[in-house]
Structures are given as C-alpha cells and as structure tokens.
Amino acid sequence: MRGIFSGRAHRPVVPLFALILLLPLVVAWADSWEGLREASRRITSVEARFVQKKTLPMLAKPFVSEGRFFYQAPAQLRWEYDRPVRSVLIMNNGAVKRYLRDPAGWREDAGASLTAMRVVLEEIANWQQGRFDLNPHFQASLSTDPEPRVTLVPREPSWGKMIRQIELTLSREQAGVMKGVRLVEDERSFTDLSFSQIRTNRPLPASLFVNVE
Amino acid sequence: MNIMLRHFVPLLLLLLTVGACTGLKPLTPLDPARKTSVLEDCRRPFLTESYRLVHALETVMPDGAKGTAVGVLVADPRTRGFRTALMTIEGFVLFDAEAGETLIVHRAVPPFDAPAFAEALAEDIRLAFFSPGVEPAAWGEGEEGARGCRFERADGRLVEVMTFRDGVTAIRLYGTGQEVLKRVEMAPLQRHGLAETVEIRGGWPPYTLRLRLLESEALATDSGTAATPQIVEPRSPGSESEKGKRIP
C-alpha cells in the first residue's frame, strides 16, 4: 500500500509527530503573560500585509486601506500604505517620520497628527515584544476563547473618550504573532486591521527603517 | 505738513495698491441670451443632491508644514446641513462635527479642538460644496475672460463663482469691505459638485487645504433611489473636547 506510511511517504510522519508533540506549546503560548513575552522574545522581525477597515456611522461601508507592515526588534517599525493614499510611517529607535506620496514625489509630513502617531507606534513596538501590560494608561486582560486575545481598556476617563478599547487577536498557529487589531472608539466607530502573509525572523534591510524607498 | 505728506503718501499709495489687488473688480456685461449658460456654469461646482464624499486632504500651514488626513463628508445641499470627520490615514478620528442650524462638535483632538477651527472648516465646506444662491446679484465676464456670477449673502458678504476658459472654477468669498476672505479653486468638473481636486485658501493665519476625491456616493433621495458608489482611482502612486459641543 502506497500512502503516507509507505516508501518515501514515511517522511511526513516525523514532522507530523513533532507537530503533535509541540501542539500544546503552540496553543499555550498565548495563555499567559509570561507565555506571550517568551514567544515574543523569539521574534526578531515581522513582515506582513494588512487590510485596514475603518467603520464610522457616517460611512455606509467601511473605508478600506491596504499596505505592508515591518517590524525589527526591539524598536523599528515601518507602516506603509499602498492605497488609497500612499504613505509611509517609520519609527527608528524613537524617532518618528511620516512620508506622503504626491504627484511631485515623496515628501515629509509634518501634520499635527504625527505626535499622536508617535504614541501609537511606541505602543505597537511594546506589543510586538509581548509587553501588553506595560502601558500604565491601560488595563490589560487576556482571554483564550474563542481566540487568544489581549484587551486593553483605558484606566482614565480622559483616555476613554478617545479610545474605548483595543483588542489584539493573536495567532494560535504562529507563536508571538498578532493577526488582527481592533481599535474601538465607540459603539459604532472602530478600526480593524487584519494581517496576512505574515513572515517572521527573516533578515530585513536596515534601509527599510531609514529611507522612504 | 511736508513731513506728514512724505509719510502718508507712500502709505496711501500702498493701501490703494493693495485694495486694487484684492478688491472686487466689476464684471463686464454679456449678451443677455447667454445668461442661462453662464448661470448653469455657476451652479456646476456645487452638489445638487445628498452625497457622501471621501477625500485625501492635504493641509499647508503658514510655515509651509504639510500634513495629510482623510476627510469624510456627508452633505445635503437642500438643507445645507452636513456631517464631516477628519481622520489620520491610520484611521484615528481627529475631528467629527455636524452642522445644521447649529454646529455640533462630536469629537476634536488637539489642535483641532479650537472653536475657530470648527467654524472655519464649516465655512470652507459650505463655500466649496453648497450653492450660494439661486439668482445672482450680478453676472458677466471677469478677469482673464472668466465668466461667472456674484451672489449676495444675508451676512453682507459676497460669493463670486467664476469659470475660466480652461474649465477651472474659482470661488471667492468677499468680506463686507470687499476684501477676499477665502478662495476655492476646482479642477474642471465632469459632474455637478464632484471636482476631482479642490484647493481652499484662506483664513488668518493663512492656510491651504487640498482635497483629492477618493470616493463619492449619492445618497438615497425622497424617491428612495441611490446611485452606485463611485471609487476614484488615485492618479499617482491630543485630549478630546466635550462630546456634542455646540458652537453658536
């Protein structure tokens, strides 16, 4: 009988057996804060595509943006939008810059929103390192059903007026990896980010976090 | 006396020159038979039905610093009411307000929480998207062969709508002293009120807003119909204020 147990088909049995042995570890990584931190410590880089859907009461359907995301431990981020508005947000060891594409080429953005985005980027870098409970402004809680999820709720009412809660959905399959983020502003206003084509621990060029292109 | 003249004549000349540059020039009368056509051009820049518009918005401040946001506007030209939201490209809402008989700010993150900002933005939206009136106070030919209309407002201000030979539309808001308060410039229009690009300049300190239309969707009318949403393909690649704050 030819099949997975005969001839060359014996090979998959070993990885399959190894996967069964490792399964409790893979599932368990997101069951505790220590598990999250330990799994995240093993992540040196992340690259992924993302789709962002903005829902507002005044929008009949979500406003959709797409782009790419790069992270290099411990504190380098590149958040790049391909459409509908081309922009690149770079954080390199604390320095944040945003670039926008217009008909004349790339230009640096100096808008007032950049200050707010610096806070957001620093927080994302913390999440990438499994430090979900580091920010004193948020109360973090961890749930595993139906999916591993970290929920961050502002401790102070003044923060709560801006963000009601942040939900970070973790991958069961890829330890240390987030697969989605939801920022809830109120009952009817939220932003969903879903990541795909996630690849970890590949060497990323340093220029990604310095140059716009 | 001579000393006084030496001081005041240049000042007077300067004031006259500035006045000549910024003031209202008379329109040259045209053949009355062309009135329908000219008035139609004067109505073309403005929405004729309720629309939901999404723009990429570039701001240019007096020091030249540029910022970008996404603007969402739901506007009803029949009531001249609207709701608008400004958000970062990352989806963070910076400003959310609606205007009917009063202006209500639902959300404003600094520095967008100043009442003057909300009022200026509301004025910009009304100027660029809502017709200033039905019957103009004057119509005719202006500078560079542009044709257009002038509408008087109840507050004593005046709105001028001019269409140039290349199809570009200029809308200007004049103060009671005939000084230019705001300028709007629109790329040639394919459909009523749906310019692909709009530039708004005005205010003190001066600022510029450049809008690029990303999406437009006609909203349901009284007859219950609504147009298919249009997506415009791109050509090239703080604390919060009190919710529901009213600005009289």
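Only the coordinates and a few stated rules stand behind these numbers; no lab work does. What you see is a predicted model; the values in this text were computed from it and never measured. Cβ atoms come from the backbone with ideal geometry, glycine included; neighbour counts cover every protein chain shown.
Values as computed for the structure displayed
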| read-out | value |
| --- | --- |
| Total charge dipole magnitude, the range B:26-220, about the Cα centre, Cβ charges on Lys, Arg, Asp, Glu only, Debye to nearest 20 | 240 debye |
| Within straight-line cross-link reach of A:LYS97, lysines at Cα separation under 27 Å, skipping those fewer than 8 residues along the same chain | A:LYS53, A:LYS54, A:LYS161, A:LYS179, B:LYS66 |
| Dipole moment magnitude, nearest 20 debye, the range A:139-190 about Cα centre, only Lys, Arg, Asp, Glu C-beta charged | 80 debye |
| Farthest positive-ward along the range B:26-220 dipole, Cα basis, beta-carbon charges - from B:ILE104, B:TYR51, B:VAL70 | B:TYR51 |
| Calculated FRET value between A:GLU187 and B:LEU30, using beta carbons and R₀ = 41 Å, to 0.05 | 0.15 |
| Separation of alpha-carbon centers, the range B:134-195 and the range A:139-169, rounded to whole Å | 50 Å |
| The range B:25-66, dipole about Cα centre (Lys/Arg Cβ +1, Asp/Glu Cβ -1), debye to the nearest 20 | 120 debye |
| Mean Cα-pair separation over length for the range B:26-220, i.e. relative contact order, pairs under 8 Å, 6 or more apart, % | 24 percent |
| Residue among A:ASN126, A:PRO57, A:ALA206 farthest towards the positive dipole end of the range A:31-209, charges placed on Cβ | A:ALA206 |
